[in-house]
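The values are calculated or read from the model by the stated rules, or taken from the named source; none is laboratory data. The model shown is predicted, which means the values in this text are computed figures rather than measured ones. All Cβ positions, even for glycine, are placed from backbone atoms using ideal geometry, and neighbour counts span all protein chains on display.
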Amino acid sequence: MKEPEDQPKNDLCRGLAQLLEITDDDVVTAMRDLPGYLDITPGDFRELYEHAYAYAVSRLTHNLHASQVMVRDVVSVGPATPLTEVAETMARAAISGVVVVDEGRPVGVISERDFLSRLGGGRQVSFMEIIAGCLGSKGCAVVPLKEERAEELMSSPVVSVGEREPLCVVADRFHDHKINRVVVVDDGGRLAGILTRHDLVRAIFGTVEAI
Amino acid sequence: MRLSDYLAKMRPTTTCPPRVSMVEIGWSWLGAFLGIAAVAFANYRILAGTDYVMVIGSFGASAVLLYGAIKSPLAQPRNLIGGHVVSGVIGVACYQLLHPWMWVACAVAVATAIAVMHALRCLHPPGGATALIAVIGSGKIHALGYLYALIPAGLGAVVMLFVAVTVNNLASTRRYPEYWW
């Protein structure tokens, strides 16, 4: 008998289980594929399957670790890097976020969201609002950022996970902090990689397919 | 529980499983024919004129499972043999202890057989009939005493199991048993 904490409790596991949900019709069709009488109703089989699938997702997310899924090639900037350079770096690498690293340790994260919220004076503004402002008489809202450095804009402290944390912990971190990426650190607290929601979903479905 | 919740439980939740193929039906027929033929031949030809019996009504029910629903846990060897022997003992005990109150003996025999089969993980629906038959009789069955649990209940089950293992595995689409014990 499994303990309740083994059951997937985060929204990601439940979401995945729902994505692969099967219907009674699926079961009836599958029953036609197999010769012989099966001593279970389609509804009971579906229920059993859903429970087993949730356990499988839970097992996968417990056994896979952050280091197996993270992207190691992280684009980073220093705390003193001018925002002009930060923006150029992000544009060149076509990414929506960079890690701010000070002597190997992640100290903050800058994302598109940080730029937009700074431009809105703390309020989250949309890209189109900035365009509209620039095109209007107010002048370009982005210009004041020119003098600022990475450490002034970055979100900190960094939400991070250890390399050896299981994916279920990573998923909980996404959910609890309402974020889309976490920084992965090694045992010494140094930047090891970055892990997005996208990586997580791909890892789990990739593993499911491999099996 | 509210009455509406209680009544809602009577609404269907799913559909009836699909019909099996004609080939499958053919194998079910053949297995059942051979399995019942074996015990019935022993009963009417070999044991005729003796005090022994080899065929009891519950074997008809076992045949449904052994040859018609072979993937069911209820149809596996442990359930078949365990179910008949355990229920046979319980049925005979109930008759011997409770026969002055036949209706009580019947009810206790079947209910207890189900409970014990559950507890021993050998639930086999025909076992309920085996227990009931031990109470109802014939006189010939009553005269067997506890031997009834071994012959016909246990031995007949073994013979039908032998036929099930032999015949079911001849079919390319069948594999029996799923577990022995």
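Residue-by-condition table, conditions (1) modelled with pLDDT of 95 or more; (2) within 14 Å of another protein chain (Cβ to nearest Cβ):
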site	(1), (2)
B:F33	yes, no
B:M54	no, no
B:G60	yes, no
B:V64	yes, yes
B:A69	no, yes
B:G91	yes, no
B:W103	yes, no
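Give the stretch A:170-192 a look and list any residue that's under 22 Å from A:S58 (Cβ atoms), surrounded by fewer than 17 Cβ atoms within 10 Å (Cβ to Cβ) and free of Cβ contacts under 8 Å to residues at least 24 places away in the same chain, or say none.
A:D176, A:H177
Go through B:G49, B:G57, B:G68 for me and flag whichever is surrounded by fewer than 20 Cβ atoms within 10 Å (Cβ to Cβ), more than 15 Å from B:F162 (Cβ to Cβ) and without any contact (Cβ under 8 Å) to a residue 12 or more places away in the chain.
Residue meeting the stated conditions: B:G49.
In the stretch B:1-34, what residues are part of a helix (DSSP H, G or I) and over 23 Å from the mean Cα position of the chain (by Cα)? Walk me through it before giving the result.
We begin by selecting, within the stretch B:1-34, every residue part of a helix (DSSP H, G or I); these are B:3-8, B:22-34.
Passing the criteria: B:L3, B:S4, B:D5, B:Y6, B:L7, B:A8, B:M22, B:V23.
Of everything in the stretch A:164-209 that's assigned to a helix (DSSP H, G or I) and of a type in the set (G, A, S), which residue is modelled with the lowest pLDDT?
A:G206
Cβ-Cβ below 9 Å, separation at least six or inter-chain, first residue in the stretch B:11-28 and within 7 Å of chain A (Cβ to nearest Cβ), second in a loop (DSSP other than H, G, I, E, B) and of a type in the set (G, A, S): which pairs?
Filtered contacts from the stretch B:11-28: B:V20/A:G36; B:S21/A:G36; B:E24/A:G36; B:E24/B:A171.
Assess whether B:A63 counts as being out of contact with any Gly (no Cβ under 7 Å at 6 or more places or on another chain), buried (at least 18 other Cβ atoms within 10 Å of the Cβ) and not in a loop (DSSP other than H, G, I, E, B).
It is false that B:A63 is out of contact with any Gly (no Cβ under 7 Å at 6 or more places or on another chain), buried (at least 18 other Cβ atoms within 10 Å of the Cβ) and not in a loop (DSSP other than H, G, I, E, B).
Within the stretch A:36-83, how many residues are within 30 Å of B:H124 (Cβ to Cβ), exposed (fewer than 14 other Cβ atoms within 10 Å of the Cβ) and away from chain B (no Cβ under 14 Å)?
So the count comes out to 2.
Which fully enclosed helices (runs of 4 or more DSSP H) of the stretch B:93-145 have 1 or more residues being under 24 Å from B:G68 (Cα atoms)?
Those helices (runs of 4 or more DSSP H) span B:102-119, B:126-136.
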